[in-house]
1. I need every pair where a residue in the stretch B:255-277 that is more than 10 Å from chain A (Cβ to nearest Cβ) and in contact (Cβ under 8 Å) with a residue 40 or more places away in the chain has its Cβ under 6 Å from the Cβ of a residue that is open to solvent by less than 20 Å² (accessible area, probe 1.4 Å) and in a helix (DSSP H, G or I), sequence separation at least 6 or different chains.
2. Within the stretch B:60-96, track down each residue that is within 25 Å of A:Leu279 (Cβ to Cβ), of a type in the set (A, V, I, L, M, F, W, C) and open to solvent by less than 10 Å² (accessible area, probe 1.4 Å).
3. For the stretch B:21-41, name all the residues that are open to solvent by less than 20 Å² (accessible area, probe 1.4 Å) and of a type in the set (Gly, Ala, Ser).
4. Which of (1) more than 9 Å from chain B (Cβ to nearest Cβ); (2) within 30 Å of A:Ile8 (Cβ to Cβ); (3) surrounded by fewer than 23 Cβ atoms within 10 Å (Cβ to Cβ) is the odd one out, the single condition A:Glu213 does not satisfy?
5. Given A:Arg227, A:Arg232, which one is away from chain B (no Cβ under 14 Å) and modelled with pLDDT of 95 or more?
6. With the condition kept exactly as written, say whether any residue in the stretch A:263-274 is open to solvent by 20 Å² or more (accessible area, probe 1.4 Å), more than 16 Å from the chain's Cα centre (by Cα) and among the hydrophobic types (A, V, I, L, M, F, W, C).
7. Looking only at the stretch A:174-192, which residues are of a type outside the set (Ser, Thr, Tyr), open to solvent by 10 Å² or more (accessible area, probe 1.4 Å) and touching a residue at least 40 places away in the same chain (Cβ under 8 Å)?
8. What's the number of the only condition in (1) under 29 Å from B:Trp338 (Cα atoms); (2) at pLDDT 95 or above that B:Asp96 fails to meet?
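The values are calculated or read from the model by the stated rules, or taken from the named source; none is laboratory data. Treat the numbers as computed from the prediction; the structure is a model and nothing was measured. Every residue, glycine as well, gets a Cβ built from its backbone with ideal geometry; the counts of neighbours run over all protein chains shown. In case anyone asks, the SASA skips ligands and DNA or RNA and just uses the protein heavy atoms, side chains included. Shrake-Rupley method; radii C 1.70, N 1.55, O 1.52, S 1.80 Å.
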There are 2 protein chains.
Amino acid sequence: MKKFINKIDDVLVESLSGFSSAHSDLVSLNLEPNFLTRKQKAANKVALISGGGSGHEPLHAGYIGYGMLDAACPGHVFTSPTPDQILAAAIAVHADKGILFIVKNYAGDVMNFEMAAEMLPFANELPIESATVLTSDDCAVVNSTYTTGRRGVAGTVIVEKCVGSLAETGADLQACKALGDKVNSRTASMGVALTSCTVPAAGRPTFDISDTELEMGVGIHGEPGRRREAMREADAIVSDCVEAIITDLKTRAILTANTCEALLLINGFGATPLMELYLIYNTALKLFNQHGIQISRSLVGNYTTALDMAGASITLCLLDDEIKQHWDSPVHTAALRWGR
Amino acid sequence: MKKFINKIDDVLVESLSGFSSAHSDLVSLNLEPNFLTRKQKAANKVALISGGGSGHEPLHAGYIGYGMLDAACPGHVFTSPTPDQILAAAIAVHADKGILFIVKNYAGDVMNFEMAAEMLPFANELPIESATVLTSDDCAVVNSTYTTGRRGVAGTVIVEKCVGSLAETGADLQACKALGDKVNSRTASMGVALTSCTVPAAGRPTFDISDTELEMGVGIHGEPGRRREAMREADAIVSDCVEAIITDLKTRAILTANTCEALLLINGFGATPLMELYLIYNTALKLFNQHGIQISRSLVGNYTTALDMAGASITLCLLDDEIKQHWDSPVHTAALRWGR
């Protein structure tokens, strides 16, 4: 294992310290328990908190700031944050309109965020209300290594962006949850791995894959997908991902019209060059167009990674006027920024 | 070789097509000859054109837009653009105040941009004036596989950003060139590779490196650096890079005061997780502080890549009021955006 690390036990804190120093205009870091908050605490809004295992950067700390999250709780690499982290973050950022937790659907994350939510009403002088949006955009498999139900993957970024925008308007907790649930329901993702990732504490690749194979439908922790296949041309790989997404959206009766408008996110898992991600975008765009889907918003890059995995995922979010408005609104975070 | 590609001959055009579709609000793509321009041609300003071999994305097309480049000329992977590409781009974007070419110092790039510059006065009805800034921030080696003199690497992004800002004010060609030369002279970079990259047309890694070695001072095409070493802790690797940068800036009498202010860029080569880049930032920040250098501006991410190389570079740019002003000013490109 060759990585830019010192002691394995120090990786997380050293990386978080670097992140908070590099973005000291945007975020503050609390250690023990570990969480990050906006530098300027927001007032009169629902506080949005996300979190999960580290190793998916810029998820979630990279999305703290105006128009997105109020706090993020990073666990150790590929390990859920603990309830005390989440509770401490909630107490730090709540601003009298309640807390919305945005949680990727993995058993450990769901359990620990639930425990924090249960403790929350008793943790403060005045009770703090909360609600939770579970993201589950990965259409590759139902149930997985760490998951009951579908996994939450790169579509989580779209949920965080849109709900973050709505929360800035002063919308209430139920409205924020409703938008998060809607965006999640209109989103589907499919990922492909060309290599494994290596968790620092493990010191060896999470799974074995040969020089001639790919894993279709891989999860962002290297969980198995739908099948192991022979390596093929990009067009064939992308076509299978697009078909999986279309089938999922049709099966769930989300995609019903003959034409519609969508956001296309091509997400790198960490070790795939931008040149290849744009090539994937080029093919996916044509294929979605052939299905009557007009791509009017796009995002290409490393937004939800799996450490050093070579691979990529394709995410489609079906837009409506409300989602478009909240996607387009200003955002100022380390990893997404526009309009200010 | 496992990559998201179709036919090797089509990689560049398919990737450029994806890029221009994903950013159709910002750029237009011309094929045969290949170049990209701003969607809205700018008026009354020096036109900034950069280019070079592909495989370093988001360099350079990702920096086209308000406050940075007017055009970019992508060659094939790790191959210089041809004079006809550069000439066609120049004719497309010139706006009566001349053309400034920003060129990384590699023999092929220098030669082809020079040829284009020589043809330029005769290519239009009215002669078009031009000047060139050569970037040469890599302090690892003098002369290299593809280079006479120092190599231009990630510091090029800082040159493009600052000169791009000045050009928007309507400054003349000589002022833009002077600022570019100044920023370049005040910038030093040092890179480290943990793995090779693989050029699609070659189909195998550019160089061999074992699981226990690193290449200190590597170039962005996998050119040899200062030495092959045993893999070490991040702090030791970063310390050597920081010392190389400090020594270079002192030797060139750029760093003379006991205290100064600087921009710190931690650049990933394409396959290194953001988590590790922030860990590198954390160490580099402390070490530069110990040298009396206050880091007041930061950039961490994949900004000048080497395809799928695992590795990173550290770039320090000594700031003054003029450079700070132009770094901070609004920019709207695919890969750098703030203030609008």
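1. Partner pairs satisfying both residue conditions: B:Leu255/B:Leu249.
2. Listed by number, the residues that qualify are B:Ile64, B:Met68, B:Leu69, B:Ala71, B:Ala72, B:Cys73, B:Ile86, B:Ala89.
3. Once the filter is applied, which keeps residues that are open to solvent by less than 20 Å² (accessible area, probe 1.4 Å) and of a type in the set (Gly, Ala, Ser), the stretch B:21-41 yields only B:Ala22.
4. (1)
5. A:Arg227
6. Checking the stretch A:263-274: at least one residue is open to solvent by 20 Å² or more (accessible area, probe 1.4 Å), more than 16 Å from the chain's Cα centre (by Cα) and among the hydrophobic types (A, V, I, L, M, F, W, C).
7. A:Gln174, A:Lys177, A:Asp181, A:Lys182, A:Asn184, A:Arg186 - these are the residues of the stretch A:174-192 that are of a type outside the set (Ser, Thr, Tyr), open to solvent by 10 Å² or more (accessible area, probe 1.4 Å) and touching a residue at least 40 places away in the same chain (Cβ under 8 Å).
8. Condition (2) is where B:Asp96 drops out.
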